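What follows is one structure encoded as structure tokens, with my remarks underneath.
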Amino acid sequence: MSISKNLIQIKSILPEHVTLVAVSKTKPVNDLMEAYNAGQRIFGENKIQEMADKYDTMPKDIAWHMIGHVQRNKVKYMAPFVDLIHGVDNFKLLEEINKQAQKHDRVIDCLLQIKIASEDSKFGLSPIEASEILQSEAFSALKNIRITGVMGMATFTDNETQIETEFKLLKSTFDNLKDIHTDNTAFTTISMGMSGDYKLAIQCGSTMVRVGSSIFGLRNY
């Protein structure tokens, strides 16, 4: 099946309130352009340099999402253009994003990455740590970032009950955090669900799914 047909098929089953991020990491620009020509405007990358290169060569009405683990020293390369950073898992990273956004006179939207999986390899804040950040004075001083929700990755397992429990934890974390009101928060987004589990994620309250292989086929490494 072609990329455009895959896209049309996925979009046909997505509820209206769910945003589709086409995960295009490792894929060549011509694959992304096929998706673009089929109407896709939001692309997710996990390496800042690769995303910056694609940004330079592709149309400027694309919203670029950084979905991978972010190193602070690389933030400056995406600060001029990134639309949403999914994987913010510590306060120092937020400070760096704020600093770089300020240089470009921008406010950069971010999601707090919550650790919902049982695997040690997954990054993320605990719900309590996320709550403490949002209620801190240091956080309210950051004027060039906006927290628009949460992101989480379920455990890599075939156990659907476990995945569902983890997704529900992210949803309840979102519900609790959205009651903390500051000038730099606007909770609208629950980013959860990938190619293998996005349908379950949507049932559990996801408003944004990150789909790669179901659109582009298996990754090139």
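Every number in this text was worked out from the coordinates using simple rules, so none of it is lab data. Computed from a predicted model, the values in this text were never measured in an experiment. For neighbour counting, all protein chains shown are included, and Cβ atoms are generated from backbone atoms with ideal geometry for every residue, glycine included.
The table that follows gives values for the structure above.
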item: Residue check for Thr26: surrounded by fewer than 19 Cβ atoms within 10 Å (Cβ to Cβ), in contact (Cβ under 8 Å) with a residue 60 or more places away in the chain and more than 19 Å from Ser206 (Cα to Cα); result: yes
item: Residue that is of a type in the set (S, T, N, Q) and closer than 16 Å to His65 by Cα, where the choices are Asn46, Asn6; result: Asn46
item: The stretch 176-221, residues that are more than 19 Å from Leu20 (Cβ to Cβ), buried (at least 16 other Cβ atoms within 10 Å of the Cβ) and in contact with a strand residue (DSSP E or B) (Cβ under 6 Å, 6 or more places away or on another chain); result: Lys178, Asn184, Thr185, Phe187
item: Residues of the stretch 1-43 satisfying the condition of being touching a strand residue (DSSP E or B) at 6+ places or on another chain (Cβ under 6 Å), of a type in the set (Gly, Ala, Ser) and farther than 16 Å from Thr57 by Cβ; result: Ala22
item: Qualifying residue in the stretch 54-76 (condition: closer than 26 Å to Gln9 by Cα, in contact (Cβ under 8 Å) with a residue 24 or more places away in the chain and of a type in the set (Lys, Arg)); result: yes
item: Members of the stretch 56-82 found to be in contact with a strand residue (DSSP E or B) (Cβ under 8 Å, 6 or more places away or on another chain) and more than 27 Å from Ser121 (Cβ to Cβ), listed by number; result: Ile62, Ala63, Ala79, Phe81
